[in-house]
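Only one structure is covered here, and it is reproduced in the block below.
The values are calculated or read from the model by the stated rules, or taken from the named source; none is laboratory data. What you see is a predicted model, and the numbers here were worked out from it, not measured in a lab. All Cβ positions, glycine included, derive from the backbone under ideal geometry; neighbour counts span all protein chains shown. To get the accessible areas, we keep the full protein, side chains included, count just its heavy atoms, and leave off ligands, DNA and RNA. Shrake-Rupley method; radii C 1.70, N 1.55, O 1.52, S 1.80 Å.
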Amino acid sequence: MNQSQVISSEIIKKSYLKHECSKEVALILSLEQEFDWLIITKLNLSLLNIVHIVGLRLVTNLQCLTLSHNKIKKIENLDCLMKLEELNLSYNRITTIENLDHLTKLNVLSLSGNYISELKNLDNSSQLQAFYISHNEIIDINQIFYLKRFKYLQCMELSNNPATDNNRQLIVDQFPKLIYLDNKYITAEERSLPVEPNDEYSLVGSKVLAESNIIHKAFLNENDGITFFNYLYYEDVDGELLSKWNSTVKVAFEKYKKQITDSAMELFNTSLQKLTVRDEMFSKFKMSHNRFERKLTYKSRDILKEFEERRRIRMAPSSQEQSSDFDSNETSISQDSDNVEHSNEQISIESFIPVSESDIIALKMKLHEKNNYMNKSITDMISKYTNFVEEELKSFLELLVPIFFNMREIVSTYSEILSENIRLAVNNPIKVIPKEFINHFGDRFSINDAAVKMSDKHMEMIYKREEKLNSDAKKWAEQLIKDLKNSEKQRFWMVFEEITKYYDNVSSWLKASEELYILDKLYN
């Protein structure tokens, strides 16, 4: 059985050199008489059979701490890590979330694989963006809703808890700003509430907007913090190796990583905030649109009801009185068409009330006027909403400019430090260049060229991402307006066809009634 260990300065130094430094850098640092504990910003103490969290007061600059796969039962002694942003305590023996009050900068917390049944004591972690609590013992779904207080929360891992099984849609609905749930991207379809085709607010129903929902949040992909940084270093073996050039470069690289990550999160949050504003305005637009459409629909139905009263036929004494089944709150034009066809079979001449062709034409004109008025009004509403979308889009794109400018400045600063350190080394003939650099780049002067290429590549990738974000945001706005216009166009023509169908049925009824009336006069 593996013996339990206590976190000591020796273990901290050994773990840091093993996980965070190249072999050459680790060798140099291990030989230094006075180790600088402040250079440690990231520390991996996993799989060490640690029972108690102690001995971390040496590493007060720590930003990322991993203590996973140990035997820890209690969260304690972390109050000295005021700069900590990421804490991984997954797969331990923790039963209670506690003693995290001082970690106000915490944005990633992993507690998966423990024995936690209650979510609490996280009120001071207001910056939380990612929370992992899978494989625990949460039974009450209301415990999950405790997390709704974190306005920046975008990623959650909740699987393998009794309370979360088969509750994905419920959780998605309760967390409107969430982007990832259980390692799966929350799709536009999961966010969208479908509109039934026979919605009571519409004569012909409403069609769910198509492509605009699909690209609704597409341009947020790969912009969230560390994901953006990983995007810059995707398949960049040269850049990753150069970041380990020496202790100065390594510190600069960690700063570079943090600054890029922070800028990317600012970019992500700005995008998300603007999307939220647009979503709210679109919801208001739809509510106004539905109220107006319902009002005009009811007016059209009142016109039909008045006409139906005028042409109502009383059945013969041996038959029951025919019902028109016309309800101003529930009956559509198409239902009236069916009633007309049915009435043709049961016409009674006994109390026939004649309706002229001009009355039917006048009815048709009234209905078309209402439809045209509705079309013009909704088109005007869409036009106003279009102006709002364009203004919001312009405002959003203006906000992106300083963020991307700052990113390029960050790249430039890091590149200068990297290039200067490499230049001083390669131009010094007595300076020994580590073999791993020579083996990878070929010769010492190629290393300097690689540093310049890395800088140019990162600059180019940032420019490309800025262009893509601009393009996708514009595409979203254009597609949204296009969908709205197509939806209204479809509604107009569907109503037009229903009016025409109703007119034809009533005309057929009138013709049949007149023929029966004439025959009745001839034989009686």
Next item on the list: Could you point to the residue in Gln63, Ile11, Ser110 farthest towards the positive end of the range 1-147's charge dipole, with +1 and -1 charges on the Cβ of Lys/Arg and Asp/Glu respectively?
Entry: Ile11
Next item on the list: Work from the charge dipole of the range 415-493 (Cβ charges, +1 for Lys and Arg, -1 for Asp and Glu, about the Cα centre) and give the residue of Val432, Tyr463, Phe445 farthest towards its positive end.
Entry: Tyr463
Next item on the list: Rounded to whole Hz and in sequence order, give me ³J(HN,Hα) for the range 418-430 from the Karplus expression 6.51 cos²θ - 1.76 cosθ + 1.60, θ = phi - 60°, writing x for Gly and Pro.
Entry: 4, 4, 5, 5, 5, 4, 4, 7, 6, 8, 9, x, 8
Next item on the list: Sort the range 386-427 into rounded, prolate or oblate with this rule: let a ≥ b ≥ c be the square roots of the eigenvalues of the Cα gyration tensor; rounded if a/c is under 1.5, and if a/c is not under 1.5, prolate when a/b is larger than b/c, oblate otherwise.
Entry: prolate
Next item on the list: Take the cross-link list Lys286/Lys501; Lys376/Lys485; Lys305/Lys364; Lys151/Lys286 and give me the ones stretching past 18 Å between alpha-carbons.
Entry: Lys286/Lys501; Lys151/Lys286
Checklist line | ³J(HN,Hα), Karplus 6.51/-1.76/1.60, whole Hz, each residue of the range 228-236, x for Gly, Pro | finding: 5, 5, 5, 4, 5, 9, 4, 6, 9
Item checked: Dipole magnitude of the range 26-95 about its Cα centre (Cβ charges: Lys, Arg +1; Asp, Glu -1), debye to nearest 20 -> 420 debye
Check: Going by a ≥ b ≥ c, the root eigenvalues of the Cα gyration tensor, does the range 1-143 fall in the rounded group (a/c under 1.5), the prolate group (a/b larger than b/c) or the oblate group?
Finding: prolate
Check: Quick one: how many Å² of Ser9 are accessible to a 1.4 Å probe, rounded to 10?
Finding: 60 Å²
Next item on the list: Would you mind pulling out the separation of the Cα centroids of the range 37-63 and the range 147-181, in Å?
Entry: 30 Å
Checklist line | Sparse-neighbour loop sites [trypsin sites (Lys or Arg not before Pro); the range 466-524; at most 10 other C-beta within 10 Å; DSSP] | finding: none
Note to self: I'd like the GluC sites (Glu not before Pro) in the range 90-184 restricted to DSSP loop residues with at most 14 other Cβ atoms within 10 Å, sorted by number.
What the structure shows: Glu98, Glu137
Next item on the list: For the range 152-169, take each phi angle, set θ = phi - 60°, evaluate the Karplus expression 6.51 cos²θ - 1.76 cosθ + 1.60, and give the result in whole Hz per residue in order, putting x for glycine and proline.
Entry: 9, 5, 10, 9, 9, 10, 10, 4, 6, 10, x, 6, 9, 4, 6, 10, 4, 5
Next item on the list: Choose one of Val277, Ser288, Tyr298: the residue whose Cα lies farthest towards the positive end of the charge dipole of the range 261-304 (beta-carbon charges +1 Lys, Arg; -1 Asp, Glu; about the Cα centre).
Entry: Tyr298
Next item on the list: Excluding residues fewer than 8 places away in the same chain, name every one of the lysines whose C-alpha is closer than 17 Å to that of Lys257.
Entry: Lys42, Lys83, Lys105, Lys244, Lys457
Checklist line | Cut-off under 5 Å, modelled amide H: who pairs with Tyr132 long-range | finding: Leu109, Ser110, Leu111, Glu157
